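The values are calculated or read from the model by the stated rules, or taken from the named source; none is laboratory data. From a predicted model like this one, the values you see are computed outputs, not experimental measurements. As a convention, Cβ positions derive from the backbone with ideal geometry for all residues, glycine included, and neighbour counts pool all protein chains shown. Each accessible area value is taken on the protein alone, full model and side chains, heavy atoms only, with ligands, DNA and RNA left out. Shrake-Rupley method; radii C 1.70, N 1.55, O 1.52, S 1.80 Å.
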Amino acid sequence: MSKIAVLGYGTVGSGVVKVLETNASIITEKAGETIEVKRVLDLRDFPGDPVQSIVTHEFTDIEQDEEISVVVETMGGTKPAYDFVKRSILAGKSVCTSNKALVADHGTELIRLAKEKGVHFFFEASVGGGIPILRPLSRCLVADELLSIDGILNGTTNFILTKMADEGSAYEDVLKEAQALGYAEADPTADVEGYDTCRKIAILTALAYGAQVDYEDITTVGISKITATDIAYAKKMGRVIRLLGSSRRENGKLYALVAPFILGEEDPLYSVNGVFNAIKVTGNMLGEVMFYGQGAGKEATASAVVTDIVEAVKNRDIPVEIRWDERKQVVESMDTMKNRFFVRLETAEKDKAVEVFGGKTVIDGVADGEFGLVTEEMTEKEFDAKIAGFATCRSTIRYK
Ligand code: HSE
């Protein structure tokens, strides 16, 4: 039998306890032994909940308990999660976490420490919730040179964009609904401004290329400025707006960006709606492969955490290599990244816009006194210089 502890009995932590209970016999069979939750750490008490008898408010009760071999961290944020996780590893315990902030900030160090201590540091649930993506990326797609990763990595924003398009609902109302459903971060700014997606694409890119990526190097644009009119233009073009985390390698250079993109039907990410996430990976031999599933939510995320627990138990004495060196990958300046752009301008500047941007795709009739236009591919710098020459720009969104 393996005994584990859960740090944080919130949405995901209580989900982990639920999954372990609900699927106990399947999990025992797959792990080769039973897994028992010996301790739950939380600031709160849970009167009436079966975990109440094992709740502790003291991390040292877990740190010093030699029977506990796996620590599950589902607190979120880095304080005090980083301290507790590091101390767990140093105490010789494996750690399974759903915490992308922790992995994006401290993954490099924690992976190294775990290796030195002969334990595991697993974090499958930190990206894509219940979708198995990190293990496939580092352990399965090893025959290919990976060319690009494009992901819908945040359930809250995808839920908001989908509902705004389907129902014409107001941004604030849909955000409240996402929060009530347990999808959003404690502070939803991290969702809507793209910071959550940014950390996730940094983790994916680190694993894809085997070396750390500083998420602060990734230009990040959220969805808070997307309006119902932008969505109406996308609809008129038969397209959708999706917040993407993207990275790609071209001629040995790494480009990465988080931003809303207008996508067409030909892109498999076009059909990813609601809280669902998807990660499209392109390899030089494999072509495109897409991983799709619930990117947020209690049971789905907990399912990925429990998979990590089973892996940690099964491989107790076997090292599981995670290729993630301390050498930092350089993200190229945004200026040199090439994209296409959708722009909205007032009608007075139409002739000039068609001249400057070419203007093969001009969209009229969506809103009074303005039009939309899709540019050819150009560098971000070139676009910035061109659009600066217009006085009436109402919106710019990248276009795939
Ligand atoms: N707030 C995140 C989301 C939770 O909406 O996707 C899962 O990381």
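So in region 213-228, with the set limited to residues that are modelled with pLDDT under 95 and in contact with a strand residue (DSSP E or B) (Cβ under 8 Å, 6 or more places away or on another chain), which one is farthest from residue 105 (Cα to Cα)? Of everything passing the filter in region 213-228, 227 is farthest from residue 105 (Cα to Cα). If residue 322 meets every condition in (1) at pLDDT 95 or above; (2) closer than 29 Å to residue 156 by Cβ; (3) open to solvent by 30 Å² or more (accessible area, probe 1.4 Å); (4) aliphatic (A, V, I, L, M) apart from one, which number is that one? Status for residue 322: all satisfied but (1). I'm trying to understand the selection: among the residues of region 154-192, which are open to solvent by less than 60 Å² (accessible area, probe 1.4 Å), part of a helix (DSSP H, G or I) and away from the ligand (no atom under 13 Å from the Cβ)? Scanning region 154-192 gives 163, 164, 165, 171. The set of residues in region 290-312 that are within 14 Å of the ligand (Cβ to nearest atom) and assigned to a helix (DSSP H, G or I) comprises 298, 299, 300, 301, 302, 303, 304, 305. Of the conditions (1) within 16 Å of the ligand (Cβ to nearest atom); (2) farther than 21 Å from residue 312 by Cα, residue 96 clears all except one; give me its number. That leaves (2) as the condition not met. Looking at this structure, is residue 147 open to solvent by 10 Å² or more (accessible area, probe 1.4 Å), more than 16 Å from the ligand (Cβ to nearest atom) and within 20 Å of the chain's Cα centre (by Cα)? It is true that residue 147 is open to solvent by 10 Å² or more (accessible area, probe 1.4 Å), more than 16 Å from the ligand (Cβ to nearest atom) and within 20 Å of the chain's Cα centre (by Cα).
Just so you know, in region 246-286 the residues that are under 24 Å from residue 228 (Cβ atoms) and small (Gly, Ala, Ser) include one that is most open to solvent (accessible area, probe 1.4 Å), and it is 271. Do we have residue 280 as away from the ligand (no atom under 16 Å from the Cβ), basic (Lys, Arg) and farther than 17 Å from residue 132 by Cβ here? Here the answer is no, as residue 280 does not meet what is asked. Regarding residue 91, is this residue modelled with pLDDT of 95 or more, touching an Asp or Glu at 6+ places or on another chain (Cβ under 6 Å) and of a type in the set (Gly, Ala, Ser)? When the stated conditions are applied, residue 91 passes them. Restricting region 210-230 to residues that are over 19 Å from residue 335 (Cα atoms) and surrounded by fewer than 20 Cβ atoms within 10 Å (Cβ to Cβ), which is farthest from the chain's Cα centre (by Cα)? Filtering region 210-230 for residues that are over 19 Å from residue 335 (Cα atoms) and surrounded by fewer than 20 Cβ atoms within 10 Å (Cβ to Cβ), the one farthest from the chain's Cα centre (by Cα) comes out as 229. Against the condition touching an Asp or Glu at 6+ places or on another chain (Cβ under 8 Å), within 13 Å of the ligand (Cβ to nearest atom) and not β-branched (Val, Ile, Thr), how does residue 238 come out, does it pass? For residue 238, the condition - touching an Asp or Glu at 6+ places or on another chain (Cβ under 8 Å), within 13 Å of the ligand (Cβ to nearest atom) and not β-branched (Val, Ile, Thr) - is not met.
Every residue, every condition in (1) in contact with an Asp or Glu (Cβ under 7 Å, 6 or more places away or on another chain); (2) of a type outside the set (Asp, Glu), yes or no:
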site: 184; (1), (2): yes, yes
site: 194; (1), (2): no, yes
site: 203; (1), (2): no, yes
site: 209; (1), (2): no, yes
site: 212; (1), (2): yes, yes
site: 217; (1), (2): no, no
site: 221; (1), (2): no, yes
site: 227; (1), (2): no, yes
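With respect to residue 91, determine if the residue is under 16 Å from residue 199 (Cα atoms) and out of contact with any Leu (no Cβ under 8 Å at 6 or more places or on another chain). So residue 91 fails the test. Checked against the criteria, residue 219 counts as more than 13 Å from the ligand (Cβ to nearest atom), among the hydroxyl-bearing types (Ser, Thr, Tyr) and in contact with a helix residue (DSSP H, G or I) (Cβ under 9 Å, 6 or more places away or on another chain).
Looking only at region 102-119, residues that are open to solvent by 10 Å² or more (accessible area, probe 1.4 Å) and more than 12 Å from the ligand (Cβ to nearest atom) come to 12 in all.
Taking region 332-400 and the strands (runs of 3 or more DSSP E) fully enclosed by it, the elements with 3 or more residues that are at pLDDT 95 or above are at 338-346, 370-374, 395-399. Look at region 33-46: where a residue is hydroxyl-bearing (Ser, Thr, Tyr) and a partner is surrounded by 14 or more Cβ atoms within 10 Å (Cβ to Cβ), sitting 6+ places away or on another chain with Cβ atoms under 9 Å, you get 34/2; 34/27; 34/28. Quickly run through region 193-209 and pick out the residues that are open to solvent by less than 50 Å² (accessible area, probe 1.4 Å) and near the ligand (Cβ under 10 Å from one of its atoms). Selection gives 196, 197, 200.
Scanning region 126-144 for residues that are more than 15 Å from residue 311 (Cα to Cα) and either more than 18 Å from the chain's Cα centre (by Cα) or hydroxyl-bearing (Ser, Thr, Tyr) (or both) yields 126, 140, 141, 142, 143, 144.
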